[in-house]
Amino acid sequence: MLRYEVNGDIAWATLDRADKLNAMPRSFWDELVQTLARADADEQVRVLIFRGAGRCFSVGGDIEGFGELRDSADRRNYVREALGALRAVDQFTKPTVAAVHGHALGGGCELTMVCDIVVADETARFGTPESQVGLVPGLGVVRGLSQLNLHWMKYMVFTGESLDAHEAKAAGLVNRVTEPGGHEALAEELAHKIAKRAPLALAVGKQILNRHADEGYGHAIEAITLLQGTADMVEGISAFSERREPQFEGR
């Protein structure tokens, strides 16, 4: 679902599953790692921009696929794949920009968290709604505090509510907000500006600025694996599928 193209010194990675609002199936995480490797190997590419096709950036992980996880080992592997791919974006040596419109929820929101710069148009909505299905955002609780303060992060995790583009900018999730539809042009403008800078200097600066990014990943993998095996998570997925309010019992 990740379409890759290069235009001069800028690479575009487009989340291209518009009929499913760019929901991320399990296979997406491997595609993401491969895309990063492809952009890293191309000396022509100086900046990588992520964007979403259709109505939004991404509504996050494909919840329908969660029911296909067989046992705790498979759940742990899935979480390791997802967090490992997002971690790879963090560790990618070249600058990344997220150009966001519409929903950026769950894994979609977390993908923006590990991008270096985030541009959103006024239709953008950022959220970590995992608590609505008995989970917490694994990458969000590890990496979110690099962008948001503790109160904003708790608000997003505890309520599951979304922030609009201007609220997200005030909270620290977004750098620039544009009029509807202007996000890609501004992202490209910024990418061209970044591409003119010394690439080694940017790589060193990014590595130093992200020096604490690895903290907590291991704990997040085990925590999400545990929550995916709870009765509350099963109830959350069932309620989502049946379009009703979940009845959580804390077990």
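Miscellaneous remarks
- Residue count, region 107-126 (criterion: closer than 18 Å to residue 56 by Cβ and touching a helix residue (DSSP H, G or I) at 6+ places or on another chain (Cβ under 6 Å)): 9
- Residues of region 26-64 that turn out to be among the β-branched types (Val, Ile, Thr), part of a helix (DSSP H, G or I) and either within 25 Å of residue 161 (Cα to Cα) or at pLDDT below 95 (or both), as a count: 1
- Total residues in region 152-170, condition surrounded by fewer than 19 Cβ atoms within 10 Å (Cβ to Cβ) and in contact with a Phe, Trp or Tyr (Cβ under 7 Å, 6 or more places away or on another chain): 1
- Residue within region 134-146 that is surrounded by 20 or more Cβ atoms within 10 Å (Cβ to Cβ), of a type in the set (A, V, I, L, M) and over 15 Å from the mean Cα position of the chain (by Cα) present: yes
- 1 or more residues among the basic types (Lys, Arg) and free of Cβ contacts under 8 Å to residues at least 24 places away in the same chain: qualifying helices (runs of 4 or more DSSP H) within region 99-212: 150-159, 183-195
- Residue 16 passes every criterion in (1) under 21 Å from residue 192 (Cβ atoms); (2) surrounded by 14 or more Cβ atoms within 10 Å (Cβ to Cβ); (3) without any contact (Cβ under 8 Å) to a residue 60 or more places away in the chain; (4) more than 14 Å from the chain's Cα centre (by Cα) apart from (1).
- For region 95-109, a tally of residues being under 13 Å from residue 162 (Cα atoms) and under 13 Å from the mean Cα position of the chain (by Cα) returns 6.
- Close pairs (9 angstrom Cβ cut-off, 6 or more residues apart or separate chains): more than 23 Å from residue 92 (Cβ to Cβ) in region 214-232, crowded, with 17+ Cβ neighbours inside 10 Å and of a type in the set (Ser, Thr, Tyr) anywhere: 225/78; 228/78
- Residue 216 being of a type outside the set (Asp, Glu), surrounded by fewer than 16 Cβ atoms within 10 Å (Cβ to Cβ) and modelled with pLDDT under 90: no
- The condition (being surrounded by fewer than 17 Cβ atoms within 10 Å (Cβ to Cβ) and either farther than 27 Å from residue 100 by Cα or modelled with pLDDT of 85 or more (or both)) is satisfied by just one residue among 193, 206: 193.
- Scanning region 32-73 for residues that are closer than 23 Å to residue 230 by Cβ and surrounded by fewer than 14 Cβ atoms within 10 Å (Cβ to Cβ) gives 64, 67, 68, 70, 71, 72, 73.
The values are calculated or read from the model by the stated rules, or taken from the named source; none is laboratory data. Keep in mind the model is a prediction, meaning the values are calculated, not measured. When we count neighbours, we look across all protein chains shown, and the Cβ atoms used for this are built from the backbone with ideal geometry, even at glycine.
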